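Single-structure report; data block below.
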Amino acid sequence: MMAATVVGTKLDFAIIIAYFVAIFGFGALFARFTRSTRDFFFGGQRYAWWLIAFSAVATTVGSYSFIKYSAVGFQFGMSSTMSYLNDWIVMGLFLLTWLPIIYYSRVASVPEYFERRFDARSRAMATIIILIYMIGYIGINLYTMGVALNAMLGTDIFWSAVAVAVVCSVYVTAGGQTSVIMTDLLQGVLLIVAGLTLFALGLLYLGGFDTFWRLLPEAWRLPMASFNEPHSFHFAGVFWQDGIANNIAFYFMNQGMLLRFLSVRSVRDARKAFLFILIILMPLAALAVANAGWLGKAFVEAGLLPADTAPKKIFVAVAALLCRPGMFGLIMAALIAALMSTIDTLINAVSVVGVNDIYRPYIMRDRSDRHYLRAARVISLAAGGIGIALVPVFAQFKSIYVAHGAFIASVTPPMVVAILLGVFWKRFTPTAAFATLLGGALAVGISIWHPELIAPLAHGVDPAGGFKYMRALYGIAAAGLIGIVVTFITKPKPLAEIQGLVLGTIRAGRERFKGGVVNEHPGTPFVGQLSSIPGERILRLHPNAMSQMNASPGDLLYLADARRWLGGLRSIHATAGEPHDRAEAIILVSGDLIAEGELLVGRKHRAEVIL
């Protein structure tokens, strides 16, 4: 399908092409920091909280976000922010339980957690569900980008998606998680700034906020949607599909988001990143991605845009109206940034699951790390290809919001239930976990052909369309019932076998992560000059520095270049050795660790106790 007109000037297109080239080069630049599968998957677990926060919000704001939430804002108003402002629902569950469990257990993927917590068959089921979830997400994002480029350039939706997928796949394949984090840092800042700039331009165009607010119909000013109507966007459906199923899935089973938090230097920093996202960045993101829809409605009321403007094209229409040549290209580059920052994360996540849960355990065992790194790169390319193949599937939906909601409600409930019961209920058994995943998936599948099964839980929602969202509640209830019943008739794992994997045993996980007793009272960090020593992989400091840090031999330390703006790019984790007797300002580190962390001998570095 081709658009009737082409939006934008040669300058706009030049800026967009330049952005593609810049991101490609920026991502490839950091490929030199990737030498192992640990680097490719986790970025060496070295990064500061602020860097992870900005890159994570770029992952959260996909290309579908600008198009989808602008469309919803255009149709229903301020209630479009509901999906971005309900992450607090999972805050305690994530920060105090799942995050430390997944970090300290050193698992590379969620399916690996399922095998350690339950058994191999649960891992296999979890692998299937998570791959469907992530590859489907790739397809949704690529389709959305195709819609945007079609509206702007008149290009074919499918081939537009192909072009973007190729760029993302190539730089992720080269640099893995490090390239993803660093490019998403840039893209996260761009998409928020561009989105807020568009809102400011819109208010100026209308003559101020008062005029904008007066032009919006009263229903468009309400912060919440109606309880159970219209069937395309209602509070009950958004709560169960997005607030519960999608939020828990996004933070608990979305391998891409988990890899981002697992790339941070410590659990404490990961918590800082999450809180910064929740309190600061998500509200800004909600405003950035939805305001074009609100502005579009005001423009229609003022006679500045046609009333029959298609909701899924309102973002491009508003941007074209407000932006002069060059600025329009920058706004569209932000849209592309949102796409790429989500796609690159998901492609990297698929490679993790592909290598860790399929290739290594079942196809090629006991190979070198270099071999698995090559396999991860091949799988990254394949993930982009499969995502492209799904574009025609999502193109069949009339609304991107409905497509996304229907997909989430259909895929996530069994995994959401299995993870929560596995983490919070020690008695939850391996057999029950497998039954929850398989039985829950079958129950959801049956409801697609027999939607009347959802009716008792649908809160009176019109079955004509609302069941696409309420399927999430139905799936959670069905999977939960299966898990609870099967648990009481089967045998749980001994508590000794699940230490560190369930609530109440996190301390054991911390001690296993460190390899000894945890230092509960670390002192203040120490800054000194780096010097190389031969021998074992340890970090040695002067006794006074050890005292300042309240550190003892055997403690796990984090050493980073003292230039904080690097965000941990040049850093390592190392075990503290016996104190040295050289000058107090000297930090002694083995040559292997210096090379691994890209540290610079002779430059000042900052050491602190992590555990």
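Please name all residue pairs, on different chains or six or more residues apart, with Cβ atoms under 9 Å, provided the first residue is in the range 500-511 and is free of Cβ contacts under 8 Å to residues at least 60 places away in the same chain and in a helix (DSSP H, G or I) and the second residue is open to solvent by 50 Å² or more (accessible area, probe 1.4 Å) and aromatic (F, W, Y).
Nothing qualifies.
Here is a list of conditions, (1) of a type outside the set (G, A, S); (2) without any contact (Cβ under 8 Å) to a residue 24 or more places away in the chain; (3) in a helix (DSSP H, G or I), and E520 meets all of them except one; can you say which number that is?
The failed condition is (3).
I'd like to know if the range 550-561 contains one or more residues that are among the aliphatic types (A, V, I, L, M) and at pLDDT below 90. Lay out the reasoning, then the answer.
Residues of the range 550-561 that are among the aliphatic types (A, V, I, L, M), as a first pass: 551, 556-557, 559-560.
From what is left, the residues that are at pLDDT below 90 are 556.
For the range 550-561, residues among the aliphatic types (A, V, I, L, M) and at pLDDT below 90: present.
Residues in the range 486-504 that are of a type in the set (S, T, Y) and surrounded by fewer than 18 Cβ atoms within 10 Å (Cβ to Cβ): how many?
Selection size over the range 486-504: 1.
Can you report the number of residues in the range 249-279 which are open to solvent by less than 10 Å² (accessible area, probe 1.4 Å) and part of a helix (DSSP H, G or I)?
The total comes to 17.
Scan the range 49-102 for residues that are at pLDDT below 85, of a type in the set (V, I, T) and over 15 Å from I277 (Cα atoms) and jot them down.
I67
Across the range 101-110, what is the number of residues that are over 17 Å from the mean Cα position of the chain (by Cα) and in contact (Cβ under 8 Å) with a residue 60 or more places away in the chain?
The number of residues fulfilling the criteria is 4.
Let me spell it out: the conditions are (1) touching a Phe, Trp or Tyr at 6+ places or on another chain (Cβ under 6 Å); (2) modelled with pLDDT of 95 or more; (3) of a type in the set (A, V, I, L, M), and A403 meets all of them except one. Which number is the exception?
Looking at each condition in turn, A403 falls short on (2).
Look through G528, G475, G483 and report the one residue that is in contact (Cβ under 8 Å) with a residue 24 or more places away in the chain, assigned to a strand (DSSP E or B) and surrounded by 14 or more Cβ atoms within 10 Å (Cβ to Cβ).
Checking each option against the conditions leaves just G528.
Could you run through the range 353-374 and say how many residues are at pLDDT 85 or above and either surrounded by 14 or more Cβ atoms within 10 Å (Cβ to Cβ) or assigned to a helix (DSSP H, G or I) (or both)?
Matching residues across the range 353-374 total 12.
Could you list, in sequence order, the residues of the range 89-124 that are closer than 24 Å to A382 by Cα and open to solvent by 30 Å² or more (accessible area, probe 1.4 Å)? Break it down into steps so the answer makes sense when it comes.
So the first thing to find is which residues in the range 89-124 are closer than 24 Å to A382 by Cα, and the list is 107-112, 123-124.
Matches in the range 89-124: E112, A124.
With the checklist (1) modelled with pLDDT under 90; (2) over 14 Å from D87 (Cα atoms); (3) in a helix (DSSP H, G or I); (4) not basic (K, R) in hand, flag the one item M282 doesn't pass.
(2)
What are the pairs with Cβ atoms under 7 angstrom where one residue, in the range 593-604, is among the hydrophobic types (A, V, I, L, M, F, W, C) and the other, located anywhere, is open to solvent by 40 Å² or more (accessible area, probe 1.4 Å) and not in a helix (DSSP H, G or I)? Sequence gap at least six, or different chains.
Matching pairs, first to second residue: L593/R537; I594/S532; I594/V601; L599/R570; L600/R570; V601/S532.
Looking at this structure, is A443 in contact with a Leu (Cβ under 9 Å, 6 or more places away or on another chain), surrounded by 15 or more Cβ atoms within 10 Å (Cβ to Cβ), over 25 Å from L131 (Cα atoms) and of a type in the set (G, A, S)?
Against the criterion (in contact with a Leu (Cβ under 9 Å, 6 or more places away or on another chain), surrounded by 15 or more Cβ atoms within 10 Å (Cβ to Cβ), over 25 Å from L131 (Cα atoms) and of a type in the set (G, A, S)), A443 does not qualify.
Residues being over 24 Å from A270 (Cα atoms) and aromatic (F, W, Y): count how many of those fall in the range 555-581.
Here the count works out to 0.
Tell me the residue from A319, A349, A383 that is in contact with a Gly (Cβ under 7 Å, 6 or more places away or on another chain), surrounded by 23 or more Cβ atoms within 10 Å (Cβ to Cβ), small (G, A, S) and in contact (Cβ under 8 Å) with a residue 40 or more places away in the chain, please.
Being in contact with a Gly (Cβ under 7 Å, 6 or more places away or on another chain), surrounded by 23 or more Cβ atoms within 10 Å (Cβ to Cβ), small (G, A, S) and in contact (Cβ under 8 Å) with a residue 40 or more places away in the chain holds for just one of A319, A349, A383, which is A349.
Which pairs have Cβ atoms under 6 Å, sit 6 or more apart or on different chains, and link a residue in the range 403-431 that is under 14 Å from G237 (Cα atoms) and free of Cβ contacts under 8 Å to residues at least 60 places away in the same chain to one that is open to solvent by less than 30 Å² (accessible area, probe 1.4 Å) and part of a helix (DSSP H, G or I)?
Pairs that qualify, where the first residue is under 14 Å from G237 (Cα atoms) and free of Cβ contacts under 8 Å to residues at least 60 places away in the same chain and the partner is open to solvent by less than 30 Å² (accessible area, probe 1.4 Å) and part of a helix (DSSP H, G or I): there are none.
Do we have E584 as open to solvent by less than 50 Å² (accessible area, probe 1.4 Å), farther than 16 Å from S266 by Cα, out of contact with any Pro (no Cβ under 6 Å at 6 or more places or on another chain) and assigned to a loop (DSSP other than H, G, I, E, B) here?
Working: open to solvent by less than 50 Å² (accessible area, probe 1.4 Å): no; farther than 16 Å from S266 by Cα: yes; out of contact with any Pro (no Cβ under 6 Å at 6 or more places or on another chain): yes; assigned to a loop (DSSP other than H, G, I, E, B): yes.
No; evaluated as a whole, the condition is false for this residue.
The values are calculated or read from the model by the stated rules, or taken from the named source; none is laboratory data. Keep in mind the model is a prediction, meaning the values are calculated, not measured. A quick note on method: Cβ atoms are made from the backbone with ideal geometry, for glycine too, and the neighbour counts reach across all protein chains shown. Note: accessible area is taken over every heavy atom of the protein model, side chains too, but ligands, DNA and RNA are not part of it. Shrake-Rupley method; radii C 1.70, N 1.55, O 1.52, S 1.80 Å.
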